[in-house]
Amino acid sequence: MLLLALDTATPAVTVALHDGTDTLATADEVDARRHGELLLPAVDRVLTAAGAALGDVTGIVVGVGPGPYTGLRVGLMTATTIGAARDIPVHGLCTLDGIAYAAGEAGLEAPFVVATDARRKEVYWARYADARTRLGDPAVDRPADIAEVVAGVPAVGLGARLYADAFTGVRDDLPEHVSAAALAALAAERLAAGGGAGEGFLPPLPLYLRRPDAKVPANYKVVTPR
């Protein structure tokens, strides 16, 4: 097994290579405006550092969000293109699950919440019974609207840090963004436990939770012929 994992659903452009037991190489860079520019060079660096080639990869792991429209689709299109070109499976995972897994590995005790920045003064968030068990589907909300639910609960992620008045249990010592290494390790666990490519995974499709920021203009300028 050789899994290439990547995620662009948060400001982090993150890539990792995992052999089913250990992470072999990683590349992580935070830049919310350069996902398309940074992702493929990061893939190349990870493969080079591990002494591997793209042809050696047996599966792709990709974070499906939730996340902002433009950044999220960079990772998903890259993952599905590589998967199609190499005829290998593409395993989708919720990005919040990757953050939860990393937080659990760092010692965060359950239950807790994970929140990332959704912009528009909102957060993408979910509750977890433990590092591997999400309680319900991810949601997008204004922090003030969920303050009673998350107040005092241990919280991790950039969304929780940005709105610490609502997420009063925020843990600044834990991961701010998702890491591809965590996604790869979680995927390796699920593949080993499920024995099948579809067990415990999502389709490699974007989990937006809301419409994109860009909108088609409501009225077009009318040009009359002379």
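A few comments on the model shown:
- Take the Cβ atoms of D44 and M77, set R0 to 22 Å, and the FRET efficiency comes out at 0.80.
- Calculated FRET efficiency for the pair A84/A129, C-beta based, R₀ 25 Å, to 0.05: 0.10
- Reducing the stretch 13-79 and the stretch 130-147 to their Cα centroids gives an inter-centroid distance of 26 Å.
- Segment D22-R142, length gained on full extension (0.36 nm per residue, minus Cα span): 39.4 nm
- Dipole magnitude for the chain: computed about the Cα centre from +1 point charges on Lys and Arg Cβ and -1 point charges on Asp and Glu Cβ, it is near 1240 debye.
- Percent RCO, i.e. relative contact order, over the stretch 35-98, from Cα pairs under 8 Å lying at least 6 residues apart: 39
- Formal net charge of residues neighbouring A79 (Cβ-Cβ distance under 12 Å; K, R +1; D, E -1): +1
- Taking all protein chains as shown and a probe of 1.4 angstrom, M1 keeps an accessible surface of around 110 Å².
- Backbone HN-Hα couplings from phi across the stretch 140-156 [Karplus 6.51/-1.76/1.60, Hz, Gly and Pro as x]: 10, 8, 6, x, 4, 6, 10, 4, 5, 7, 9, 4, x, 7, x, 9, 9
- The order of R210, R73, R34 by accessible area, most exposed first and with a 1.4 Å probe, is R73, R34, R210.
- Net charge contributed by nearby residues that have their C-beta within less than 14 Å of E148 (K/R +1, D/E -1): -1
- Normalised by the number of residues in the stretch 5-135, the mean separation of alpha-carbon contacts (under 8 Å, six or more apart) gives a relative contact order of 21 percent.
- Rg over Rh, two decimals, the chain (C-alpha only, Kirkwood Rh): 1.03
- Label-point gap, in nm, between L209 and A151 - each point 7 angstrom along Cα→Cβ: 2.1
- The chain, relative contact order in percent, only Cα pairs under 8 angstrom and at least six apart counted: 23
- Along the axis of the charge dipole computed for the stretch 1-83 (Cβ charges of +1 for Lys and Arg, -1 for Asp and Glu, origin at the Cα centre), the listed residues G83, M1, G51 are led at the positive end by G83.
- Assuming charge only on the beta carbon of Lys and Arg (+1) and of Asp and Glu (-1), the dipole of the stretch 18-80 about its Cα centre is about 300 debye to the nearest 20.
- Sum of side-chain charges, A115 neighbourhood, beta-carbon under 11 Å (Lys, Arg +1; Asp, Glu -1): -2
- Fraction of accessible area attributable to carbon and sulfur, the stretch 1-84 (%, probe 1.4 Å): 52
The values are calculated or read from the model by the stated rules, or taken from the named source; none is laboratory data. These numbers were taken from a predicted model, which means no experiment stands behind them. Every residue, glycine among them, receives a Cβ derived from its backbone with ideal geometry; neighbour counts consider all protein chains shown. Accessible surface is based on the protein model in full, side chains and every heavy atom, while ligands, DNA and RNA are left aside. Shrake-Rupley method; radii C 1.70, N 1.55, O 1.52, S 1.80 Å.
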